[in-house]
Amino acid sequence: MLKKLILSSAVSLLLNACATSPTGRSQFIYMSDNQVDQMGLQSFSDMKSKNPISQNTRYSQFASCVAQAITQQTGGQWEVVVFEDETLNAFALPGNKIGVHTGLINLVDNQDQLAAVIGHEVGHVLARHSNERLSQETAVSTGLSMVQAVSQPQTALGQTALGLLGVGAQYGVILPFSRVHETEADTIGLDLMAKAGFDPRQSVNLWLKMDKAAQGGQPIEFMSTHPSHASRIDNLNQNMSRAVQLQQQAWGTGRQPRCAK
């Protein structure tokens with residue numbers, strides 16, 4: 001009887017947790033988006049209180065301009081903060097929060113390269129990758145509350161929860177997005193930047209610059225938490241023709257961002 005009850009509960013859980021990503025991939029989404037958003041809001045608030053925020057107005061305006069153009073394609077109100085940190089990193093969290101490091105702003109040559117990174121990170125949020133990973137972890141970790149844990153980053157469980165959100169490197173924990181999530185975020189991000197009017201071809205140049213910087217020994221948290229593979233550029237190139245068409249359509253409707261670095 002107990003086995004039947006457990007099986008019935010498991011089947012019900014699976015049926016209720018079925019979801020589809022923006023690219024059509026099947027997902028296991030068990031947690032509510034509101035729960036995950038609250039976790040993102042809490043962790044972003046912690047970051048702002050514990051990490052120095054850049055006072056460089058030009059950097060803030062540049063990052064906000066690029067992010068606003070990207071998020072106009074997604075809807076909602078997004079907060080953008082530039083952190084004074086020389087690592088080459090950026091991130092987006094559930095709850096519509098975007099963080100950009102000054103090191104990344106110094107690296108990029110233009111608005112399009114920054115748009116490639118921000119589009120990629122927003123892609124993770126749109127595809128609910130944090131929820132997917134948290135759902136998987138919650139489903140196999142009976143008795144552990146990831147929602148409560150995120151408010152206690154000093155604990156081992158809290159570090160795990162933050163890592164699942166995608167910001168674990170901030171607390172010394174690196175839990176990378178899977179290659180499936182990375183490829184999906186690249187595809188979504190490429191389309192987002194193109195629809196916003198940015199040049200999608202600059203995404204390849206951005207990753208080449210990242211690789212060169214890594215070889216030079218520069219600290220690149222973005223690549224340590226988001227593994228870069230030769231397949232990343234191959235995937236971008238495979239989707240480039242469509243992305244360029246989307247950019248041309250955006251320009252035809254007057255969407256031509258002019259974000260000065």
Checklist line | Matching strands (runs of 3 or more DSSP E) fully within region 43-108 where at least 2 residues are surrounded by fewer than 24 Cβ atoms within 10 Å (Cβ to Cβ) | finding: 79-83
Item checked: Selection count where residues are of a type in the set (A, V, I, L, M) and farther than 27 Å from GLU132 by Cβ, scope region 17-62 -> 1
Note to self: Whether any residue in region 153-161 is open to solvent by 10 Å² or more (accessible area, probe 1.4 Å), modelled with pLDDT under 65, closer than 20 Å to ILE29 by Cβ and part of a helix (DSSP H, G or I) is what I want to check.
What the structure shows: yes
Check: Quick check: is even one residue across region 119-137 modelled with pLDDT under 70 and either under 12 Å from the mean Cα position of the chain (by Cα) or open to solvent by less than 20 Å² (accessible area, probe 1.4 Å) (or both)?
Finding: no
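The values are calculated or read from the model by the stated rules, or taken from the named source; none is laboratory data. Every value quoted in this text rests on a predicted model; they were computed, and no experiment measured them. We place every Cβ from the backbone using ideal geometry, glycine too, and count neighbours over all the protein chains shown. To get the accessible areas, we keep the full protein, side chains included, count just its heavy atoms, and leave off ligands, DNA and RNA. Shrake-Rupley method; radii C 1.70, N 1.55, O 1.52, S 1.80 Å.
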